[in-house]
Each structure stands twice: as C-alpha cells, then as structure tokens.
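K.L.:
The structure that follows is given in the form of structure tokens.
The values are calculated or read from the model by the stated rules, or taken from the named source; none is laboratory data. All of these numbers come straight from a predicted model, not from anything done at the bench. Here the Cβ positions follow ideal geometry from the backbone for every residue, glycine too, while neighbour counts run over all protein chains shown. Surface areas here come from the heavy atoms of the whole protein model, side chains and all, with no ligands, DNA or RNA. Shrake-Rupley method; radii C 1.70, N 1.55, O 1.52, S 1.80 Å.
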Amino acid sequence: MVDIIHRTGIRTPLSRVYGALSTIEGLAGWWTNETSGSSKIGGTIEFRFRSPEGDVIGSMGMEVLKLDQDKQVHWRCTSGPKEWIGTDITFDLAQEGDYTVVLFGHRNWREAVEFMAHCSTKWATFLMSLKEFAETGKGKPAPNDVKIDNWN
C-alpha cells in the first residue's frame, strides 16, 4: 500500500480548522462547493467536481469513520475513481504555537500510479485552499480551484 501525505500549518485555532473538516458547510468552503450528505459518524459525504464550464468531471462518496473533536477526521472512500475505492483520508490536527498543524493522509492506495501523482498535487492545492478558508473565511473550492493539468 502507498500513501499520500502532506503537512500544512494554519494560523488559526484548532476548532476553526476542525469545523472546516467536519461539516458540510466547512468542506464546501475549501474542497468543492458541491458537497452534500451527512458528516456524522457512519454518514456519507458526497463530493461532486465540475469544470469551470459546468461539466461534471468527478464525484466520490466518503463514509465518515471517525470524528475526534479538534484532533482527527477520518473517512473511507466508498464511491468514485476506482483507484480511490477503499482508500482512507485522514486529517490529524495538533496545536503548535500559533499554528494548527494538519497532517493529511490519503492512505492505502493499491499502487503508485500516475493518477496518484495528480491527486497528490491536487490535494496540496486544496490544503492551501483549506488554509486560506480557515485563516480568512474564503477558500478556493472547485470549480474555482487551481488547475494543475489537463485532468481537471
């Protein structure tokens, strides 16, 4: 198994970052504005991505496995790209001085493939969107996200 991991420092309290990761409204503020479903443990969150022209270019469902207040959010991908099915997405939070540190993981990929490289870069751009959203109240969720290649 192969993992994508990123570390991001966000200059805001833990509770604000946790809210951006654990609520539908928070997730829609930095990942994709088409976020719906239930963000409670056992619920499924649905994420849909569109091109700037409005065409659907991707969607996935995440089962919420764990919500540990101000410490961790853990999902399992139940629908979406075949490479994502069964993978886990984790956000581990810690306070370090003025920063909330997010240790992000997209874990248990079956193999390192080109799509994983694309997803790693996209996750990095979305984590910068999370940082901006948590610090200023305005992120860059899809479809207004940073475009990195011809796959998005």
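K.L.:
To the nearest 20 debye, what charge dipole does region 76-152 have about its Cα centre, counting +1 at the Cβ of each Lys and Arg and -1 at the Cβ of each Asp and Glu?
P.N.:
It works out to roughly 280 debye.
K.L.:
Rounded, prolate or oblate: which fits the chain when a ≥ b ≥ c are the square roots of the eigenvalues of the alpha-carbon gyration tensor, with rounded for a/c under 1.5 and prolate only if a/b beats b/c?
P.N.:
Taking the square roots of the gyration eigenvalues as a ≥ b ≥ c, the chain is rounded.
K.L.:
Cross-link candidates for K82: which aspartates and glutamates have Cα within less than 15 Å, leaving aside residues fewer than 8 places away along the same chain?
P.N.:
Leaving aside aspartates and glutamates fewer than 8 places away in the same chain, those within reach of K82 are E111, E114.
K.L.:
Right, another one. Given +1 on the Cβ of Lys and Arg, -1 on the Cβ of Asp and Glu, and no further charges, what dipole in debye does the chain carry about its Cα centre, rounded to the nearest 20?
P.N.:
That gives the chain a dipole magnitude of about 120 debye.
K.L.:
Relative contact order (percent) for region 89-152, with alpha-carbon contacts under 8 angstrom and 6 or more residues of separation?
P.N.:
Relative contact order comes out at 19 percent.
K.L.:
With the contact rule set at Cα under 8 Å and sequence spacing of 6 or more, what percent relative contact order holds for the chain?
P.N.:
30
K.L.:
Oh, and also: Counting only the heavy atoms of the protein chains, how much of H6 is accessible to a 1.4 Å probe, in Å² to the nearest 10?
P.N.:
Rounded to the nearest 10, the figure is 40 Å².
K.L.:
Working with all protein chains in place, sort I41, I57 by solvent-accessible area computed with a 1.4 Å probe, largest first.
P.N.:
So the residues, ranked largest to smallest area, are I41, I57.
K.L.:
For a quick check of understanding: with a 1.4 angstrom probe and all protein chains in place, what accessible area in square angstrom does I89 have, to the nearest ten?
P.N.:
Taking all protein chains as shown, I89 has close to 0 Å².
K.L.:
Students often get this wrong, so check it: of K71/K140; K71/K122; K71/K131, which have C-alpha atoms separated by over 21 Å?
P.N.:
K71/K140; K71/K122
K.L.:
What net charge do the residues around P143 carry, taking every other residue with its C-beta under 9 Å from that of P143, with Lys and Arg at +1 and Asp and Glu at -1?
P.N.:
-2
K.L.:
Right, something else. Per residue, how large is the accessible surface of the chain? Use a 1.4 angstrom probe and give square angstrom.
P.N.:
49
K.L.:
Rounded to the nearest percent, how much of the accessible area of region 6-69 (1.4 Å probe, protein heavy atoms only) is carbon and sulfur?
P.N.:
Summing carbon and sulfur atoms, their accessible area is 46 percent of the total for region 6-69.
K.L.:
Additional query: Taking springs between alpha-carbon atoms closer than 10 angstrom, which of L127, L67, L27 fluctuates most in the Gaussian network model of the chain?
P.N.:
Top of the fluctuation ranking is L67.
K.L.:
Further, regarding this structure: Sorted by accessible area (1.4 Å probe), largest first, how do M1, M116, M128 line up?
P.N.:
So, going from the largest accessible area down, we get M1, M128, M116.
K.L.:
Summing -39500 (n - 2.57) over the DSSP H runs of n ≥ 4 in the chain and dividing by its residue number, what mean residue ellipticity at 222 nm do you reach, to the nearest 500 deg cm²/dmol?
P.N.:
When only DSSP H runs of four or more count, the value is -7500 deg cm²/dmol.
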